1. I'm checking my understanding of the structure. Among residues of the range 286-310 that are assigned to a loop (DSSP other than H, G, I, E, B) and either more than 22 Å from the chain's Cα centre (by Cα) or more than 20 Å from Ser40 (Cα to Cα) (or both), which one is modelled with the highest pLDDT?
2. Pick out, from the range 144-217, the strands (runs of 3 or more DSSP E) lying fully within it that include 3 or more residues that are within 18 Å of the chain's Cα centre (by Cα).
3. Could you list all residues from the range 192-203 that are open to solvent by 10 Å² or more (accessible area, probe 1.4 Å) and closer than 18 Å to Ala51 by Cα?
4. Tell me which residues, restricted to the range 271-285, are under 26 Å from the mean Cα position of the chain (by Cα) and either closer than 13 Å to Ile85 by Cα or basic (Lys, Arg) (or both).
5. Do the conditions hold for Lys160, that is, is it in contact with a strand residue (DSSP E or B) (Cβ under 7 Å, 6 or more places away or on another chain), open to solvent by 60 Å² or more (accessible area, probe 1.4 Å) and either of a type in the set (Ser, Thr, Tyr) or at positive phi (or both)?
6. Going through Thr234, Thr259 one at a time, which residue ends up being in contact with a helix residue (DSSP H, G or I) (Cβ under 7 Å, 6 or more places away or on another chain), open to solvent by 30 Å² or more (accessible area, probe 1.4 Å), hydroxyl-bearing (Ser, Thr, Tyr) and modelled with pLDDT of 90 or more?
7. Suppose the filter is at pLDDT below 90, closer than 20 Å to Leu87 by Cα, open to solvent by 20 Å² or more (accessible area, probe 1.4 Å) and assigned to a loop (DSSP other than H, G, I, E, B); does Glu313 pass it?
Amino acid sequence: MSISSFFLFNVDFNTPFKKRTMGYRGRFAPTPSGALHLGSLFSALISFLDAKIHDGEWLIRIDDLDKLRARDEFIPTYVDLLADIGLCSDGPIVKQSERLDLYTKHMHILAKQKLLFYCDCSRQSWAKYSIYPGYCRQNTVHQFEDARPIRIQTPNRIIKIDDRWQPLLEQNLAVNVGDFIVCRRDGFFSYHFGTVVDDADQGITHIVRGVDLLPSTPRQLFLHQCFNHKSIPTAHHPILVNSDFSKLSKSAASKALTTQNIGCAVEICLNIIGLHPPTTEKSPESQIHWAIQQTKRYGLSACLEQAILPTAENWNK
């Protein structure tokens, strides 16, 4: 497997950025289902740079709600390796698995609004439909006792995502997505639900993440609206892909980063976004510090517009 493409997804880097008076607090929230790899490092670096060029805070959060995938032994490969290159969290590192009481409290908020219902349907029972058709909407959740999936009723209206780096996205959840699951049969809260609760609770003001998550962003905005949260500006950056255009990911057996190759990986990521550290900047930490100064001067958008492909054809071999 080799890295031979840089997936742009119609990125629009000309959208101006407006600072919010309340300041900037961003985050990087990986799922520790495997070791840190080049794609994850790229996302961490973009979000870190965007926070630091706006004199903001940058937090690390461990999205480990799915215990079937998340493994504690991989957490140090993120936290320690990122710290080694200067990407340190500006606050306590939060684990989602330690915040279940907070999620339960927010589930009760949705239940009081009569938005939740138990779903007894198998996937096969609605296989002829492209989205879940709402068969079980009458099973309104009053008390959380049954070990059954819980869905939330979606509104029949357009939700707009005015992303900083992507074209305007308009989506009708009732038509395009359907009533989606917020708590699984095994009791695990869904990714979208946990992310929304955590972002609001941690005071996140700006979200920077991969463009592959853009299509699900209307679901998260809808949940924010249900909780009367302020909307959080998003910026969805390009993702690294393999030669077959599949996402560079842990599930695709992407090469793990270590203390031995993290320096090369940092240089590759900086090169991708059009930043070429001088030879005088030898350590990854100094190269990232140099990158912050350059992006403060020219803007991250301008640097991304100069993106070039990395010379890493054999990275995953």
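The values are calculated or read from the model by the stated rules, or taken from the named source; none is laboratory data. These numbers were taken from a predicted model, which means no experiment stands behind them. All Cβ positions, glycine included, derive from the backbone under ideal geometry; neighbour counts span all protein chains shown. For accessibility, only protein heavy atoms count, side chains too; no ligands or nucleic acids. Shrake-Rupley method; radii C 1.70, N 1.55, O 1.52, S 1.80 Å.
1. Gly299
2. Here the list reads 207-210.
3. If the condition is that a residue be open to solvent by 10 Å² or more (accessible area, probe 1.4 Å) and closer than 18 Å to Ala51 by Cα, then Ala200, Gln202, Gly203 are the ones that fit.
4. Listed by number, the residues that qualify are Pro284, Glu285.
5. It is false that Lys160 is in contact with a strand residue (DSSP E or B) (Cβ under 7 Å, 6 or more places away or on another chain), open to solvent by 60 Å² or more (accessible area, probe 1.4 Å) and either of a type in the set (Ser, Thr, Tyr) or at positive phi (or both).
6. Every option except Thr259 fails the conditions.
7. Considered against the rule, which asks whether it is at pLDDT below 90, closer than 20 Å to Leu87 by Cα, open to solvent by 20 Å² or more (accessible area, probe 1.4 Å) and assigned to a loop (DSSP other than H, G, I, E, B), Glu313 comes out as no.
A quick yes/no check of all residues on (1) out of contact with any Asp or Glu (no Cβ under 7 Å at 6 or more places or on another chain); (2) of a type in the set (A, V, I, L, M):
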position: Leu102; (1), (2): no, yes
position: Gln124; (1), (2): yes, no
position: Tyr129; (1), (2): yes, no
position: Arg151; (1), (2): no, no
